[in-house]
Amino acid sequence: LKSYPNLNNLIISNDEQQLPPKQSNINKIDRHDQSNNNNHYNDDDDDLVEEHLLMDNENDEFVMTGGGTEVEDYQENDDDDDDYENDDDYENDEDIENDDNGDCDANNDKGNFDGNNDNGDDNDDNNDNDDSNGYRNAEINGFDDHENLLRFIEEEILDRWSENVQVGPNDPSLTNEQKLILFLMTKCRRLINMIRKSSVLTLYFNHQRKILKIKRNVLRDVCTRWNSTYFMIHSLIVVRPIIERLYNDKHNLNITNEQIEKLNHLEITTTEWNFLKQLRHVLRIFQKATKTISGQHYPTMGSAFFILTKLKKYLSKDIHDNSIVKNLKKLLMGKMIHYFDKDRTQLNLLKFHSFFDPTGYRVLSDTDKRSIEYDIKQMYENDIINLSNSSSSSTSILNNSGISSTTSKTTTTTSTNLTSSSKPNTKKKRTNMETFLESIDDDIVLQNNGGTRATIIEELYTYQSLVNQYNSKNKPNTLSCLVFWKIYEFTLPYLFKLAKRYICTPATSVAAEAAFSTASYIARRERSRLSVKNLEATMFLKEEIAEIGDENIIKQGFRMSAVPENVDMIIIGSGMAGLTVASIMAQEGKKVLLLEQHDVIGGNTHTFKEKGFNFETGLHYIGGRIGKKTSNLRKHFDCITKNGVEWEKMDDIYDLVVIRDGEKREQYPMYSDVKILKKTLISSFFEEEKAIHEYFNMIKKARIGITVLFLLKCIPYQWMQKIIHKLVQPFLSIFDETTEQVLSKLTNNKKLIGILTYLYGDYVEVPSRSSFGIQALLSDHYRGGGYFPIGGPSMIARAIVPIIEKSKGKAFVRAPVSSILINEENKAIGVVVKGHQIFSRIVVSAISSTITYKYLTPQTHQHLVQSHLKIIESPELASEIGYMSMFIGLQGDSDELNLPKRNLWIFPSWNHDENMKKFCDDYNADFPVIFISFASAKDPTYHTRNPKKSVASIITVGTYEHVEDYKDKRVKHRGDAYSQLKDQWKERMLEIFLKEFPNLKDKIVYVDNGTTVTNDFYLGTYHGTTCGLAHTPERFRQVEILSPTSPIKNLYLSGQDMLTCGVSGGLMSGFMTLYAISSSLILKYPKRN
């Protein structure tokens, strides 16, 4: 009932424009507010989460605010008790008062967010007022209002279930019924939603249920539940007395005029009630058929063919039906033929199975029987079946049905104790098959005939006689084939061998799926408010559950009851450093608690999904020759992930550096082979050959410098650090000068300097301010090219969290730490999360050092960190530059779209300092740098997970000053001025993107962007500085201040502020913190696993 053929052609004229589908409001909730109160949504409108029916079924949900048994129908007797009797999801619930009155389920725990808004969409949602498109002012008491009807149906769920069926536009008589059904189903769903979402209406509804002793509550259909539309219609008819009382009392209830107006629009008329009953009449047969064919006794393909044949017979009978029922049957009949008759191979296979099942044999035509008998003779003559190897499985097959296996081999006649008596037993409960046949008025007449013994040559003729005899004495049953072949196993030996092969195939995979699916646990009555999106995530077979589990394991919401006892270490922040510390400590057998304020573990390595696209956020590529298992970086990654992440090499030209000055364009490729890169640069700057060679010699020294700095910071005692710092100072000289100072000594060629320093965008400090040490480190890091994690950056967290849990630790999201607990001895003893105190021996802060000292350290102990905080906030170390990101979803795979497996760096000129200054002074100026990356082209598994979809990430720099005025406003509600500024930047970034890739203009289906205040909200940065403290020479001089040890005992710091920015910097910072905590670990890790 959820869709009809070529709907748009039926009801939309050429000059009418389709209305855009409404977007779900469910993501409009402020995450900050949620973190303070998980169980309530924060919005002024009671209809904040009112569901909008989308074309892709994303928000369709199964709603049941209470259980109950079937009662007598309103103004008619109902005989559907058996529909609910054995259904766990429709279990009786006597305690109506315990219903939660429609409030948001606490079990949801913000599960509807799932990290899917990580793109930083701060746009104000203009659809706050539900039903704005043709709903609030629509007059829906009749069906002749074409315009309003069009608006309704366009919001309806469509799955094109009648495509390719020869009905619809060619049969004008069907058009009106299609409109009526879609219109009425929309109306019913909205009425149910309104009752459920309003606590006042839900309380009234439950009170009336108790008065009228109606235990059944209204149900909402869902695309993942068989026959749920039938159950929704049936439940509405049952509770009709309550609905009519509701409309009589609406002015006496404590609801707004707006809600009363909405109720008026949703009132179901008498004509519509009658129409619902007719719909239920037709759909009831399918419900009974479904129940029969998916029973616990594994119905065979033969019984399935029997039911399909009887269904088609029922749909063909329309003598006493009115026009609506006739046309609905015609639509359903068309789809039955499309699915089961057009595929001749499938149909013939069904018939062949049915030949060996007495139930299926009943409905085979004489022509079908003769054809199958001919095939069996050919099989026998060609000796296709090996008779000697087919005698092993019959007992197990028959015994699974509950039938006794003690049968004499000399049985030749029908055994009366194995067949049902023709005499009716009034006390015996009807079988599902009997209920189905009675519902379609199909009477089976039983007769009494004798049996006969067959020889091999005469088996087919004997079988025909015996099966007809059996059918004349027994009603159709899903166990018929098992009973029959148990009796005639030795009478028909060859056919029995064939029957064993075919009757073992069940009609559906329901029972098999139930053994390997979590759906039976998730889709319970207690969790009936789960959205379809969340419910569907659990309904896969076992081979897919592993992947689902990997994703869910990094999205476990904080619950105090799930916090382990006697925690050894608490780690604040789940970025690369936090994950590193957590993994190694867990491998040491420590019970670790990893706390992340966001919706997903991983920090800048996490990914998010939006509109069916998977986007990366921070890890766009990595160097360090990580593709080689012998490289130092690879050893460290393999150590923390236990070889859980593999890496895909990018193109040999991993970066393409582009200058766009108006229409003028230059480009310089960056090769993974350093020799080729040198030759390419020298060919363009032959007069600078000496400077180029000297530059590449200098960057090698960065390896020594960073190693010395790393070991120096591992020393846990500051007095020792100071002494050794003076001794090793010559090895750290590479960090003492700015990039501009060093390169200006090599060459005066500004263009060459601009090319060599294009990577400044990786640490967002221009050459005049950045330390040459960080420039050299990055240049050396990408010698050997770039790599991307196979499966996406989130694979890192997915590999590490199970390691944490194996050691009885936990990793929680939506766990914002508000304070560090410090005792009178100035020792860190735990943290405060959502008002809960959690204690541990050691606390590690793997987030911004500024936030740690300024906001997480209690006021009573601020004096301990003031000297550190003063230096950290000094102009030499503080940074106001961060990243602005834009995410683009493309229709088509990477090969089809010809997407490159490399990055683009685009600049307005080679003078990076001047570019940055212009943009900081005026945000309308050219972007200083644009970075373009295609994760879908880099990851070989992307299109396996996301067919026909590709993504692009565009990153530029942004200053906090430009958006600081909007920092305190609620996310997604920062005002028109902020939205306009965002849109302006988005259009400009998109324009640059399309200049490079004009062929993608018509392939763009999704675009969104975020600013530096977005970084603060989603990534927990300070002033949007994604790279942390400024990478100036002063940063690398402050060894004692920016070390893992802190002025507070048992409080350690980690993260990119401690060493360098980036994923590799975070990784090594994590190891540095580990060595500072326990020097013995330096001899154990990294190790190959």
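Quick notes on this structure:
- Selected residue [modelled with pLDDT of 90 or more and either surrounded by fewer than 21 Cβ atoms within 10 Å (Cβ to Cβ) or assigned to a helix (DSSP H, G or I) (or both)] from Glu565, Glu526, Glu551: Glu565
- Residues in the stretch 476-486 that are modelled with pLDDT of 80 or more and surrounded by fewer than 22 Cβ atoms within 10 Å (Cβ to Cβ): Val483 alone.
- Some residue of the stretch 938-959 being within 30 Å of Gln741 (Cα to Cα) and touching a His at 6+ places or on another chain (Cβ under 7 Å): no
So that you can scan it fast, the table gives a plain yes or no per residue for (1) surrounded by 24 or more Cβ atoms within 10 Å (Cβ to Cβ); (2) under 29 Å from the mean Cα position of the chain (by Cα); (3) under 24 Å from Asn903 (Cα atoms):
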| residue | (1), (2), (3) |
| --- | --- |
| Met989 | no, yes, yes |
| Arg1035 | yes, no, no |
| Glu1040 | no, no, no |
| Leu1059 | yes, no, no |
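- Of the helices (runs of 4 or more DSSP H) lying entirely inside the stretch 213-302, the ones with 3 or more residues being crowded, with 19+ Cβ neighbours inside 10 Å and in contact with a strand residue (DSSP E or B) (Cβ under 6 Å, 6 or more places away or on another chain) are found at 228-238.
- Among helices (runs of 4 or more DSSP H) entirely within the stretch 850-967, having at least 2 residues that are charged (D, E, K, R) singles out 894-897, 912-921.
- For the stretch 973-980, the condition holds for at least one residue, the condition being that it is in contact (Cβ under 8 Å) with a residue 60 or more places away in the chain, surrounded by 18 or more Cβ atoms within 10 Å (Cβ to Cβ) and in a helix (DSSP H, G or I).
- Residue within the stretch 894-910 that is touching a Lys or Arg at 6+ places or on another chain (Cβ under 6 Å), of a type in the set (D, E, K, R) and more than 23 Å from His1031 (Cβ to Cβ) present: yes
- Screening Asp780 against (1) surrounded by fewer than 22 Cβ atoms within 10 Å (Cβ to Cβ); (2) at pLDDT 95 or above leaves a single unmet condition, (2).
- Contacts under 6 angstrom Cβ, first residue in the stretch 199-221 being under 11 Å from Ile242 (Cα atoms) and in contact (Cβ under 8 Å) with a residue 60 or more places away in the chain, partner of a type in the set (Asp, Glu) and not in a strand (DSSP E or B), 6 or more apart: Asn206/Asp99
- Which listed residue is surrounded by fewer than 24 Cβ atoms within 10 Å (Cβ to Cβ), in the same structural domain as Ile822 (by TED's automatic domain parsing) and in contact (Cβ under 8 Å) with a residue 24 or more places away in the chain, from Ile1004, Ile1077: Ile1077
- Selection count where residues are under 32 Å from the mean Cα position of the chain (by Cα) and surrounded by fewer than 21 Cβ atoms within 10 Å (Cβ to Cβ), scope the stretch 822-836: 4
- When Val657 is tested against (1) under 46 Å from the mean Cα position of the chain (by Cα); (2) part of a helix (DSSP H, G or I), just one condition goes unmet, and that condition is (2).
- Flag if Phe934 is surrounded by 21 or more Cβ atoms within 10 Å (Cβ to Cβ) and more than 23 Å from Phe615 (Cβ to Cβ): no
- Checking each residue in the stretch 231-256 for being modelled with pLDDT of 90 or more and of a type in the set (Val, Ile, Thr) picks out Ile233, Ile237, Val238, Val239, Ile242, Ile243.
- Failed condition for Arg634, given (1) under 16 Å from Val1063 (Cβ atoms); (2) among the basic types (Lys, Arg); (3) surrounded by fewer than 19 Cβ atoms within 10 Å (Cβ to Cβ): (3)
- Subset tally (residues that are part of a helix (DSSP H, G or I), among the charged types (D, E, K, R) and touching a helix residue (DSSP H, G or I) at 6+ places or on another chain (Cβ under 7 Å)) for the stretch 463-492: 1
- Screening the stretch 1043-1089 for residues that are in a loop (DSSP other than H, G, I, E, B) and β-branched (Val, Ile, Thr) and picking the one that is farthest from Ser583 (Cα to Cα) gives Ile1048.
- Against the numbered list (1) assigned by TED's automatic domain parsing to the domain that holds Glu373; (2) surrounded by fewer than 19 Cβ atoms within 10 Å (Cβ to Cβ); (3) at pLDDT 80 or above, Arg501 comes up short only at (3).
- When the stretch 890-917 is filtered for residues that are of a type in the set (D, E, K, R) and surrounded by fewer than 18 Cβ atoms within 10 Å (Cβ to Cβ), the ones remaining, listed by number, are Asp893, Asp895, Glu896, Asp913, Glu914, Lys917.
To keep it simple, each residue is scored yes or no on (1) outside any loop (DSSP other than H, G, I, E, B); (2) without any contact (Cβ under 8 Å) to a residue 12 or more places away in the chain; (3) within 23 Å of Ile847 (Cβ to Cβ).
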residue	(1), (2), (3)
Ile584	yes, no, yes
Lys590	no, no, yes
Lys609	yes, no, no
Ile626	no, no, no
His636	yes, no, yes
Glu648	yes, no, no
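- Being within 30 Å of Tyr502 (Cα to Cα) and touching a residue at least 40 places away in the same chain (Cβ under 8 Å) is a description that does not apply to Ile237.
- Close Cβ contacts (under 6 Å, 6 or more residues apart or on different chains) running from residues in the stretch 724-744 that are assigned by TED's automatic domain parsing to the domain that holds Ile706 and under 17 Å from Leu759 (Cα atoms) to residues that are of a type in the set (Gly, Ala, Ser) and part of a helix (DSSP H, G or I) comprise Phe735/Gly773.
- Odd one out for Lys870 among (1) surrounded by fewer than 16 Cβ atoms within 10 Å (Cβ to Cβ); (2) in contact with a Lys or Arg (Cβ under 8 Å, 6 or more places away or on another chain); (3) basic (Lys, Arg): (2)
The values are calculated or read from the model by the stated rules, or taken from the named source; none is laboratory data. The shown structure was predicted, so the numbers you read here are calculated from the model rather than taken from an experiment. Here the Cβ is made from the backbone with ideal geometry for all residues, glycine too, and neighbour counts use every protein chain on show.
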